[in-house]
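None of the figures in this text is laboratory data; all of them are computed from the coordinates on show. Note that the coordinates shown come from a computational prediction; the quantities given were computed from them, not determined experimentally. We place every Cβ from the backbone using ideal geometry, glycine too, and count neighbours over all the protein chains shown.
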Amino acid sequence: MFRGIFYLLFFPGLAFQVVCGLAFEWMDRKLLARFQRRVGPPWYQPLADMIKLFSKEDLLPEGASGVVEMLLPLLSMSAVLTAGLYIPIAGFTSFSFEGDLIVIQFLMSVPTLAYYLAGMASVGIYSFLGGGRSILQYLSYEVPLLITISGPAVMAGSWSVAQISQSQVSMGPFIIFQPLGFILATVGLIGKLKRDPLDIPSASSEVVGGSLTEFSGAKLGFWYLVMNIQAVVGIFLLVNLYFGWSNVALPDVAIGVFILECLLMVAILSAVSAVFARLRIDQLAGLGWKILVPLSLVQLGFVILMGV
Amino acid sequence: MNKISIPIGPHHPLLKEPLSMIIDISGERVLGGALRLGYVHRGIEKMATQRTYVQDVHLIERICGICSHVHTTTFCLAVESLLGIEVPPRGQYIRALMCELERVHSHLLWLGILAKNVGLDTVFMHAWHDRELALDMMEGISGGRVSHAANQIGGVRFDLSTQQEEMISINLVKLKQQVSGVLDVIENEPALLARTQGVAPVSAEMIKDYCVVGPVARASGVDVDMRRDDPWPPYDQLDVNVIVLPEGDAWARTLIRVLETRESLRLCESIMQQMPDGPVAERAKRKVPEGEVITRSEAPRGEVFYYLRSDGSDKPARLKVRTPTLPVLSLLPVQLSAIHVADIPVVLAGIDLCVACADR
């Protein structure tokens with residue numbers, strides 16, 4: 001029982017995920033700044049931002065429901081934290097069962113749906129537009145992402161992230177066999193995290209703040225925290241699925257290698273957001289259904305054929 | 001889907017200056033838009049008639065925060081032609097140098113805004129970083145980054161030292177390299193091309209119907225440039241290449257400004273090479289003889305037009321300023337139809353708004 005509470009609250013639960021989220025955010029901001037010839041923020045900036053947001057006054061526009069606005073970020077937060085529990089961290093597995101990959105995918109979709117609902121529950125027009133866009137974007141990236149990450153599962157013959165990680169010891173890291181899958185999964189992850197260049201639902205020059213335009217204070221802080229933790233879980237997931245070999249094969253340096261792999265993922269995400277302009281929603285739908293879905297099917301077919 | 005009206009402005013992350021638009025959309029399609037102006041109207045034309053000519057130079061500098069120098073230059077040219085005085089050659093060249101540097105800084109600023117609007121923050125940061133070089137040059141010459149106070153009636157208020165001339169030559173070389181890097185990105189970045197190519201094209205006929213001038217007109221294949229068509233010295237001695245692109249879409253409007261930046265830098269270099277020696281200003285009388293005059297010059301956004309009437313006193317009887325932004329604004333509702341919501345920032349950036357100029 002105490003072990004369970006420790007897992008939930010400290011490692012690999014709340015505290016660990018929050019710390020990782022803030023650390024990754026800082027890495028991302030710093031790298032992006034260096035790509036853009038800026039100095040970038042000091043290491044404590046994400047924490048300072050969070051403290052400031054949580055201490056700010058909470059404003060509620062007339063006609064909006066305070067309960068719904070509070071519940072949505074909390075619901076998303078609990079969903080992503082739960083998803084994080086099933087992912088092995090440098091070989092350490094807290095909870096695991098056959099099929100947790102699907103549960104993780106499901107839980108990771110909750111923030112997107114909550115984001116959509118937040119837009120619909122707000123009274124503002126920009127929130128409404130942002131919410132509509134987020135569901136359109138969800139339909140574009142989620143299908144190729146799901147097809148793609150079933151590649152490692154099929155290859156390992158298991159739908160458990162820990163098992164997929166484990167089976168790479170004998171088979172070698174899956175990124176060698178599925179480089180295309182890794183690229184597709186990264187694109188899907190960028191869409192999921194609503195990061196530049198797929199930050200269509202929250203594009204400031206078009207819809208101001210997207211669904212979150214009317215959120216303020218602690219509620220907005222919770223939303224940012226949710227996005228940070230979502231990024232952490234997504235990065236951990238991809239690292240396990242495609243580089244999972246190092247978790248088990250190198251027990252002595254597993255933690256160091258795991259951290260390096262995560263930082264590599266952060267660097268890839270930063271570089272992509274520095275290099276590309278934001279796509280239009282119709283262009284994203286075209287990219288998703290005309291390019292990503294066929295490619296992910298090709299990758300999956302390749303994996304199945306290799307297994308036969 | 002139902003029709004929704006979204007307000008853009010007077011305060012919106014997209015806008016740098018106050019301007020209000022009500023845009024009707026259906027889903028992600030824009031149906032049309034209506035415009036409201038006048039948030040920064042300061043009555044400068046009326047104020048100018050209550051001040052002396054000398055004071056007016058400083059007032060007119062405040063019309064615009066980006067192209068302040070070209071406004072005072074055009075005003076001074078008008079007063080000088082009524083007075084019948086000729087600015088010494090060195091003064092003319094310094095004026096032209098400031099005009100071209102101003103164009104460089106305005107175009108780079110604009111490029112940053114476009115990049116920001118399409119979500120390409122890296123180009124935004126790099127363009128504004130390069131723009132600092134142009135601002136440094138202007139600050140080194142005049143002491144002011146935005147308001148330079150360079151002009152006086154009869155010439156300019158300062159001379160260039162050898163040190164300043166060296167600083168300008170070094171910075172021009174640097175800036176040229178940076179701009180060619182930016183040009184490379186603009187021509188090749190696939191996501192930027194996808195967002196701008198074929199967006200909101202404007203035909204040359206439409207440009208002429210709406211009297212649009214400047215880079216927007218030139219990007220649609222209309223060959224107008226006051227530096228060549230109605231030059232004041234020293235532009236008549238400089239070889240100005242007018243860049244014209246036929247496409248008329250948002251991408252052409254992007255590309256033309258980068259090409260014009262490069263052209264302006266080349267002009268700056270030839271101005272520095274041809275810079276004559278001698279005085280920089282002529283003494284001007286306080287009272288201006290009776291008469292009326294029209295002067296035109298090419299601001300970064302197109303033709304700036306000044307009409308000045310004098311009644312023989314030391315204050316203008318009437319001053320009329322026509323800036324290039326107003327006709328482009330009238331074209332805006334036309335452009336804001338049958339596009340995507342995501343194209344609104346591209347279209348708005350493409351016309352390079354200067355609301356302060358338009359409202360005065």
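For peptide A:282-288, how many partner chain Cβ atoms fall within 10 Å of a residue's Cβ, on average?
Values: counts 4, 5, 1, 0, 1, 1, 0.
Across the residues of A:282-288, the mean count of other-chain Cβ atoms within 10 Å is 2.
Would you mind checking which residues have amide H under 5 Å from B:SER20's amide H? H placed 1.01 Å from N; only 5 or more apart, or other chain.
When sequence neighbours closer than 5 places are left aside, the close amide H contacts are B:ARG36.
Considering chain B as a Gaussian network with a 10 Å cut-off on Cα pairs, which listed residue, B:ILE60, B:ILE170, B:ILE113, attains the greatest mean-square fluctuation?
Between B:ILE60, B:ILE170, B:ILE113, it is B:ILE170 that shows the largest mean-square fluctuation.
Once you have the Cα-Cα distance between B:VAL54 and B:GLN274, take 0.36 nm times their residue separation minus that, and quote the gain in nm to one decimal.
Using 0.36 nm per residue and subtracting the Cα-Cα distance, I get 76.2 nm.
Give the total of Lys-Lys pairs in the range A:16-307 with Cα-Cα distances below 21 Å; include a pair only if its members are 8 or more places apart or on different chains. Don't skip to the end; give the middle numbers.
Working: A:LYS30/A:LYS52; A:LYS30/A:LYS194; A:LYS52/A:LYS219; A:LYS56/A:LYS219; A:LYS192/A:LYS219; A:LYS192/A:LYS290; A:LYS194/A:LYS219; A:LYS194/A:LYS290.
Summing the qualifying lysine pairs gives 8.
May I ask you to list the trypsin sites (Lys or Arg not before Pro) in the range B:253-320 that are in a DSSP loop and have at most 16 other Cβ atoms within 10 Å of their Cβ? Provide the component values of the computation, followed by the final result.
Details: sites: B:ARG253, B:ARG257, B:ARG262, B:ARG266, B:ARG283, B:LYS285, B:ARG286, B:LYS287, B:ARG296, B:ARG301, B:ARG309, B:ARG318, B:LYS320; in loops: B:ARG283, B:LYS285, B:ARG286, B:LYS287, B:ARG301.
Here the sparse-neighbourhood loop sites are B:ARG283, B:LYS285, B:ARG286, B:LYS287.
Less than 15 Å Cβ to Cβ from B:GLY278, Lys/Arg counted +1 and Asp/Glu -1: what total charge do the surrounding residues give? Before the final figure, lay out each step's value.
Working: positive: B:ARG90, B:ARG95, B:ARG283; negative: B:GLU86, B:ASP159, B:GLU165, B:ASP277, B:GLU282.
In short, -2.
Which whole number gives the average, over all residues in B:115-126, of C-beta atoms from other chains lying within 10 Å of the residue C-beta? Spell out each step's value before the answer.
On the way: counts 1, 2, 6, 9, 14, 8, 9, 10, 4, 1, 7, 3.
Mean shielding count: 6.
Sort A:LEU184, B:LEU15, A:LEU59 by Cβ crowding within 10 Å, fewest neighbours at the top. Please report the intermediate quantities before stating the final value.
On the way: A:LEU184 25, B:LEU15 19, A:LEU59 12.
Lowest to highest Cβ neighbour count: A:LEU59, B:LEU15, A:LEU184.
Would you mind working out the magnitude of the charge dipole of the range B:4-359 relative to its Cα centre, with +1 at each Lys and Arg C-beta and -1 at each Asp and Glu C-beta, to the nearest 20 Debye? Numbers along the way, then the final one.
Numbers: 36 positive and 45 negative charges, 209 e Å.
With Lys and Arg at +1 and Asp and Glu at -1, about 1000 debye.
What is the spread of the Cα atoms of chain B along each of their three principal axes, largest first, in whole Å?
Here the Cα extents, ordered largest to smallest, are 67, 44, 33 Å.
What FRET efficiency would be calculated for the residue pair B:ALA204, A:LEU9, taking the C-beta separation as r and a Förster radius of 56 Å, to the nearest 0.05?
0.25
For the protein assembly as shown, what size does the Cα cloud have along each of its three principal axes, sorted from largest down, in whole Å?
96, 53, 47
Just counting partner chain Cβ atoms within 10 Å, what average do the residues of peptide A:125-134 show around their Cβ? If you can, show how the numbers build up before the last one.
Working: counts 5, 4, 0, 2, 6, 0, 0, 3, 3, 0.
Mean number of neighbouring Cβ atoms from other chains: 2.
Sorted by average packing, counted as other Cβ atoms within 10 angstrom per residue and highest first, what order do B:272-278, A:83-89, A:230-236, B:143-149 take?
Details: B:272-278: 11.7, A:83-89: 23.9, A:230-236: 25.9, B:143-149: 15.9.
Final packing ranking: A:230-236, A:83-89, B:143-149, B:272-278.
Just the Kirkwood number for chain A, please: inverse of mean 1/r across all distinct Cα pairs, in Å, one decimal. Please list the in-between numbers first.
Details: mean 1/r = 0.0504 Å⁻¹.
Evaluated over chain A, this radius sits at 19.8 Å.
Run a plain Debye calculation on the range B:143-265 (Cα atoms as equal point scatterers, no solvent) and give log10 I(q)/I(0) at q = 0.10, 0.13, 0.14, 0.23 Å⁻¹, rounded to two decimals, same order as the q list.
The computed values of log10 I(q)/I(0) come out as -0.45, -0.73, -0.82, -1.29.
By a straight-distance test (C-alpha under 27 Å), which lysines pair with B:LYS287 as possible cross-link partners, with residues fewer than eight away in the same chain excluded?
Cα-Cα hits under 27 Å: B:LYS46, B:LYS315, B:LYS320.
With charges set only on the Cβ (+1 for Lys and Arg, -1 for Asp and Glu), what does the dipole of the protein assembly as shown come to about its Cα centre, in debye to the nearest 20?
On the way: 54 positive and 62 negative charges, 169 e Å.
My answer is approximately 820 debye.
Only four residue types carry charge here, +1 at the Cβ of Lys and Arg and -1 at the Cβ of Asp and Glu. Report the dipole size of the range A:179-303 about the Cα centre in Debye, rounded to the nearest 20.
Taking the Cα centre of the range A:179-303 as origin, the dipole is about 200 debye.
Within a Cβ distance under 10 Å of B:ARG145, other residues only, what is the Lys/Arg minus Asp/Glu net charge? Write down the numbers at each step before the final one.
Working: positive: none; negative: B:GLU132, B:ASP136, B:GLU139.
Net local charge, B:ARG145 excluded: -3.
Taking θ = phi - 60°, what integer Hz values does the Karplus form 6.51 cos²θ - 1.76 cosθ + 1.60 yield along the range A:8-21, in sequence order, with x for Gly and Pro?
5, 8, 10, 9, x, x, 3, 4, 4, 5, 5, 4, 4, x
Which GluC sites (Glu not before Pro) in the range A:60-160 pass both tests, a DSSP loop state and at most 16 other beta-carbon atoms within 10 Å? Don't skip to the end; give the middle numbers.
Numbers: sites: A:GLU62, A:GLU69, A:GLU98, A:GLU142; in loops: A:GLU62, A:GLU98.
Sites meeting the loop and neighbour criteria: A:GLU62, A:GLU98.
So what is the calculated 222 nm ellipticity per residue for chain B, using -39500 (n - 2.57) for each DSSP H run with n of 4 or more, over all residues, to the nearest 500 deg cm²/dmol? All intermediate terms of the calculation are to be shown ahead of the outcome.
Details: 14 runs with 180 residues, N = 360.
Value at 222 nm, helices only, nearest 500: -16000 deg cm²/dmol.
Positive end of the dipole of the range B:4-359, charges at C-beta (+1 Lys, Arg; -1 Asp, Glu), about the Cα centre: which of B:LEU35, B:VAL346, B:TYR53 has its Cα farthest in that direction?
About the Cα centre, the residue reaching furthest to the positive side is B:TYR53.
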